[in-house]
Structure formats: C-alpha cells, structure tokens
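Only one structure is covered here, and it is reproduced in the block below.
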Amino acid sequence: MARTKLRSLRSAAIAVIATGVLSISIPLGLMLASGPLAPSAVIQQSPTRNVHLTSCDQQHPIKQLLLSPGDCVLVHAAGFAGAEQVRVHETGRPGWSQLIEADQAGRFSYRFLLDKQVHLGPDVLSFVGQSNRAGVAASSPESAQAHLAFCRFTVTDS
C-alpha cells in the first residue's frame, strides 16, 4: 500500500511540474519567436489578419521590431468581427489590459506608447477579440470564432 501512495504522489508531482513548464514555455516561446505578428484562432480556423506597424509620428512602416522605451507605434489590424471589442495585453506589464473596438469592417488602429520604465528585451502585445457573446455567436458561425493576433518586439536602449 505504501508503494501505491508513493506512485500517486510521484504522478501528481510530475503533473504539477509539467503544468508549470507549459505555463512558462508558451509565453516565453511567443516572446522569443521571430516575426512581427502571428494571427491564429483558438476555437476554429480563422482568416489571416492583415496586420502591420507604423511609427506614430510619420506613419512609416516599422520593419525591424526594435523599440526603445517611450517609443510610439500604431498597430493596424483587420480580420476581426465588425464592431468587435478587442482586449489588448502586454506581456511586460502583468495585469495591464485595455479594451478597444474594431470598426464595422473588423479593422482597428491602436496607438501603443511603450512605457519609459520598461525592461529591456523581448515583449509581446496580444489582441484578443471578445465576440463570444451568446447573441452574436448564435447569429453566425464567423462570430463564434476567437480572433487573436500577437505582436512580438524587442525593447533596446539604442
């Protein structure tokens, strides 16, 4: 009977460790991956989002995703549901989020000002559509999709 308890305890410890590793490795993988944005769908296949970054001042496209503390960028996205509420999260600021709204065509432009006290290194902005309201989801299968986009960038002091 002691061996059975030991095996159960060992199995529980392995499960807890595996869960911890996954909860750390997924956000870390997003932060360390290359490329500006990765559109995806959680519930079902979703159309590719048209997303790009420009500078706030002159609206030049940003090719290198190297930002400095205090920089301002505009994130332009399309492919969300019309008038969908979109929650913005920044990995570098746990607990911070902001709610924005896409236009009737499912597009938005979001002005992001990087904090001047931000830590240097990789960071991620995520845009999560909030269209899973019961009435909206029942009206069309497209509305039931979870719309997501991620923006990876690196904060440097140059």
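Some observations on this one:
- For the pair residue 104 and residue 87, the difference between a 0.36 nm per residue extended length and the Cα-Cα distance amounts to 4.4 nm.
- Full extension of the chain between residue 156 and residue 64 gives 31.9 nm of extra length, using 0.36 nm per residue less the Cα-Cα distance.
- Computed FRET value (nearest 0.05) for residue 130 with residue 55, which takes r as the C-beta separation and R₀ as 25 Å: 0.35
- Backbone geometry of the range 109-122 corresponds, through the Karplus equation with coefficients 6.51, -1.76 and 1.60 at θ = phi - 60°, to 3J(HN,Hα) couplings of 10, 10, 8, 10, 9, 6, 4, 6, 9, 6, 6, 6, x, x Hz, x marking Gly and Pro.
Values in this text are rule-based calculations from the coordinates and carry no lab data. Note that the coordinates shown come from a computational prediction; the quantities given were computed from them, not determined experimentally. Neighbour counts are summed over all protein chains in view; Cβ atoms, including those assigned to glycine, are modelled from backbone coordinates with ideal geometry.
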